[in-house]
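Worksheet: one structure, shown below.
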Protein chains: 2
Amino acid sequence: MKDSVEDAVKERAEGKPLGKRERTKINNREAILQAARGVFADLGYGATTVRDIIRRTGLASGTFYNYFRSKEEVFEALMDEGMRRIRPRLRAERIRSRTFEDFIRNALHAYFEYLASDRETFEVMRRNPNTVRVRMETAEMIAGFEEIREYMEEDIRNGTLPPVDSEYLMASVVGLAMEMGDRMIARDNVDPAAAAEFATALVLGGFHNLPVAGTAPAASGANDRKDDGK
Amino acid sequence: MKDSVEDAVKERAEGKPLGKRERTKINNREAILQAARGVFADLGYGATTVRDIIRRTGLASGTFYNYFRSKEEVFEALMDEGMRRIRPRLRAERIRSRTFEDFIRNALHAYFEYLASDRETFEVMRRNPNTVRVRMETAEMIAGFEEIREYMEEDIRNGTLPPVDSEYLMASVVGLAMEMGDRMIARDNVDPAAAAEFATALVLGGFHNLPVAGTAPAASGANDRKDDGK
DNA sequence: AGACAAAAGTGAATCAACGTCAACTTTGAG
DNA sequence: CTCAAAGTTGACGTTGATTCACTTTTGTCT
């Protein structure tokens, strides 16, 4: 809520003359997200209340609703944020990878590295007093997964990947990576490289033997995102 | 709430003289679970309230709390129920499977078959007006996963599986199966055999190449990946 | 600088759902 | 038939969600 030095710096750096109003808006939003991260981690998604979150920010309860409509929406924003950080990395790996194998290897490395570096954020999803693991399928997430599937489709077209069921393959890799990621994060010493090696070996060892799909669901309008009115 | 004919039948068959009291207790519990299944499917986990559930049963609100302490606990019971149905099948497959490969193949088949048959229950976990997917890590679930890991450990001991990181391997298979299962269920025509083939090929193709525990490929520079030219 | 309108923040008030409990009903044992 | 125990009921006090009239802050125009 206080204009920070960084704001001024950032502002200058970006050449954007942000007004104070916009700056506090950004700051408040960030403060809420940050607080939410902490509360979710402490109490678990189910147990946290909107008030727990705003209490940590020092803002008034009403202010919360200027930024988010519910705790669900905050959570969604957190997930989106994570996905938005990962996607460009995956895209970069995609670009520098010439074959499907390269891509899988590089992408898995990137994913586990990222996870290890942003541990805090992702612990949100599992942590707690007790047991409810929550995953949110945000637009950003769906798009991210879909992008991966697209890459696979491309590789099928250009021949580095046999014509397998790309939805299943994407789901396999994603499911495997996420579940392994959870375990990795829970370990005492997190070793993303080892996790990546493991996952890579499993996926790459097997993909040649996959049943070839005459059956692949033909991604009707693959890319068109449904506008989720929200 | 009404003593059904089946009750009498079951009672006789089992030789258990259930009193009316016990019968209604069972019936009420079942009614609540059944109602919950429906409500969760209709509204999604997040949006449903305890009262939505009991309303469907015709019982009074207070009665709910004689059976469960919260909606979380009902959900947990539903998950447990699913897991309790699957576990014996997996155990059976385990017994009749002589090698790791057999086990994986048979277990995956069993899992996808089951999922297809009990579609309704598992849609609970994903379904809704909107986007929050909830997974619950119940004791039963953890135990089920752990059991799978045990099997893998055994196979390592008896040599049909190299000494890989069994937690990661279990997590991989579980994550892959669950994520694929979600997709399978969402498809228009559910084909568990195809899904099982796919998953089996992927897992079995790759497990020989997995890094052996303790011997994890010594990523000299964990970060730099082999990137042949480019 | 001063005045004003728009934007954003505030917290008391309202509302919805939770979970409890005293009173009531049903069951089963004697 | 009687009675205590088990179980059900729904009204009630709580807690947290959400709204909104009011205040404060900011940016703009003179």
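Here is how the numbers come out for the structure above:
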quantity: Nearest-10 value in Å² for the accessible area of A:Ser70, using the 1.4 Å probe; calculated: 40
quantity: Loss of accessible area when B meets A, both sides summed, Å² nearest 100, probe 1.4 Å; calculated: 4700
quantity: With all protein chains modelled, accessible area of B:Asp191 [1.4 Å, Å²]; calculated: 80
quantity: Computed over segment A:78-209, the ratio Rg/Rh where both radii use C-alpha atoms and Rh is Kirkwood; calculated: 0.96
quantity: Alpha-carbon Debye profile of segment B:18-71, log10 I(q)/I(0) at 0.21 Å⁻¹; calculated: -0.70
quantity: Rh (Kirkwood; distinct C-alpha pairs) - segment B:17-166, Å; calculated: 17.4
quantity: A:Arg55, B:Arg98, ranked by accessible area, largest first (probe 1.4 Å); calculated: B:Arg98, A:Arg55
quantity: Listed residues A:Lys71, B:Lys20 arranged by accessible area, highest first, probe 1.4 Å; calculated: B:Lys20, A:Lys71
quantity: Fully extended contour minus Cα-Cα distance, from B:Ala186 to B:Thr160, at 0.36 nm per residue; calculated: 5.9 nm
quantity: Ascending list, in nanometres, of distances separating the A:Ile95 label from those of the other copies (7 Å, Cα toward Cβ); calculated: 5.7
quantity: Solvent-accessible area per residue for segment B:76-208 (1.4 angstrom probe, square angstrom); calculated: 39
quantity: Partners for B:Lys20 among aspartates and glutamates (Cα-Cα distance below 20 Å; same-chain residues under 8 apart left out); calculated: B:Asp3, B:Glu6, B:Asp7, B:Glu11, B:Glu30
quantity: R0 of 25 Å, Cβ-Cβ distance A:Asp118-A:Thr63: FRET efficiency to nearest 0.05; calculated: 0.40
quantity: For segment B:158-170, Karplus couplings with θ = phi - 60° (6.51, -1.76, 1.60), whole Hz, Gly/Pro x; calculated: 8, x, 7, 9, x, x, 8, 6, 5, 5, 5, 5, 4
quantity: Computed FRET value (nearest 0.05) for B:Glu81 with A:Glu147, which takes r as the C-beta separation and R₀ as 45 Å; calculated: 0.80
quantity: Surface share of carbon and sulfur [accessible, 1.4 angstrom probe, percent] for segment B:76-208; calculated: 48
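The values are calculated or read from the model by the stated rules, or taken from the named source; none is laboratory data. Computed from a predicted structure; not experimentally measured. Ideal geometry is used to build each Cβ from the backbone, glycine not excepted, and the neighbour counts take in all protein chains shown. Surface accessibility is based on the protein's heavy atoms, side chains included, excluding ligands, DNA and RNA. Shrake-Rupley method; radii C 1.70, N 1.55, O 1.52, S 1.80 Å.
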